[in-house]
Amino acid sequence: MILNLVHLGRIDYASGLTLQKQMVEARHAGQIGNTLLLLEHPPVLTLGRNSDRKNVIASDEFLAYRGVEIHEINRGGDVTYHGPGQLVGYPILDLRSFTVGDSPRRLGAVDYVRLLEEVLIRACADFGIRAQRIAGRTGVWTIAGGSIPEKKVAAIGVHISRGITSHGFALNVTTDLRDFDLIVPCGISDRTVTSLELEADASAQPSPTMENTINAVARHFGRVFEHQVLWVESVDDLLAANQHHGE
């Protein structure tokens with residue numbers, strides 16, 4: 001099967017929401033196949049369905065001063081920060097097109113999140129970073145060492161509507177982690193966040209640049225979800241190609 005991949009560069013969060021809605025509708029209508037959107041956002045806080053406004057530490061006035069937007073959205077999870085240097089992925093997938101391993105069972109929501117975590121764990125390994133899941137705490141974490149506890153390197157929050165996924169993951173690549181001081185990330189106050197840039201060995205090859213991370217995530221997404229990745233220049237090209245295909 002083919003996975004369409006579109007790298008959008010940096011777009012504002014509202015435009016990202018609009019684009020996701022368009023892609024979900026196109027996937028429902030069979031106008032596009034399974035698709036992964038990769039992008040960055042300007043500084044923004046998003047509050048999921050289970051969020052507690054008290055986990056936004058900064059005042060509205062300070063956020064406005066910093067130019068940080070707030071959006072309440074329909075994904076799972078608590079409050080999350082997005083910003084430059086963070087690779088955001090929005091998979092638009094029909095989960096009914098997947099099965100679990102060799103069984104006939106369709107992919108469920110928990111199965112899907114575990115696969116997203118697997119993609120990111122493998123991408124971290126490309127840069128010499130050992131990462132893991134932690135039971136009860138969605139996302140991807142570094143492995144604790146000595147007196148240093150595990151740190152969160154990627155957040156995951158998804159929405160599934162009639163079998164079609166939206167929202168997704170946020171992997172800190174070269175993110176300015178000071179911006180996470182605006183919130184209690186994902187409502188977890190006893191652990192900190194980190195980035196590939198901070199965790200990778202200085203001599204790591206390849207180095208965790210945004211470009212290298214995009215390539216790593218794309219490659220492992222294809223392997224984990226067993227799709228051939230097809231890079232598409234733009235969403236317009238994707239829609240046009242499928243329109244022509246259907247004529």
Charge dipole magnitude, Cβ of K and R +1, D and E -1 - the chain, Cα centre, debye nearest 20: 780 debye
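Trypsin sites (Lys or Arg not before Pro), restricted to region 135-213: which are DSSP loop and have at most 12 other Cβ atoms within 10 Å?
Working: sites: R137, K151, K152, R162, R178, R191; in loops: K151, R162, R191.
Qualifying residues, ordered by number: R162.
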Bins of 10 Å, starting at 0 and running to the largest distance - Cα pair percent for region 111-247: 11, 36, 34, 14, 4, 1, 0
Cα Rg, Dmax, region 115-183, angstrom units: 13.3, 45
Amide H partners (placed H, <5 Å) of L5, local residues excluded: L36, L230, W231, V232
For q = 0.12, 0.15, 0.16 Å⁻¹, Debye-computed log10 I/I(0) when each Cα of the chain counts as one equal scatterer: -0.67, -1.06, -1.21
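Between S15 and S147, how high is the FRET efficiency from 1/(1 + (r/R0)^6) when r is the Cβ-Cβ distance and R₀ = 51 Å? Nearest 0.05. The partial results should precede the final answer.
Numbers: r = 43 Å, r/R0 = 0.85.
For S15 and S147, the calculated efficiency is 0.75.
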FRET efficiency for S59 and A135, using Cβ-Cβ distance with R0 set to 41 Å, rounded to 0.05: 0.75
Sulfur and carbon atoms: percent of accessible area, region 130-247 [1.4 Å]: 47 percent
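Looking at the chain, what % of its DSSP beta bridges pair antiparallel, to the nearest 5?
Working: 30 of 46 bridges.
Percent antiparallel among DSSP bridges in the chain is about 65.
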Qualifying aspartates and glutamates (Cα of each under 14 Å from Cα of K151; at least 8 residues distant if same chain): D190, E197, E199
In Hz, Karplus ³J(HN,Hα) per residue of region 24-32 (6.51, -1.76, 1.60; θ = phi - 60°; x = Gly, Pro): 4, 4, 5, 5, 4, 7, x, 7, 9
Per residue solvent-accessible surface (Å²) - the chain, probe of 1.4 Å: 48 Å²
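The values are calculated or read from the model by the stated rules, or taken from the named source; none is laboratory data. Since the structure is predicted, the reported quantities are computational estimates derived from the model, not experimental observations. Methodologically, a virtual Cβ is constructed for each residue, glycine included, from the backbone with ideal geometry; neighbour enumeration extends over all protein chains shown. Remember, those area values only see protein heavy atoms, side chains included, never the ligands or the DNA or RNA. Shrake-Rupley method; radii C 1.70, N 1.55, O 1.52, S 1.80 Å.
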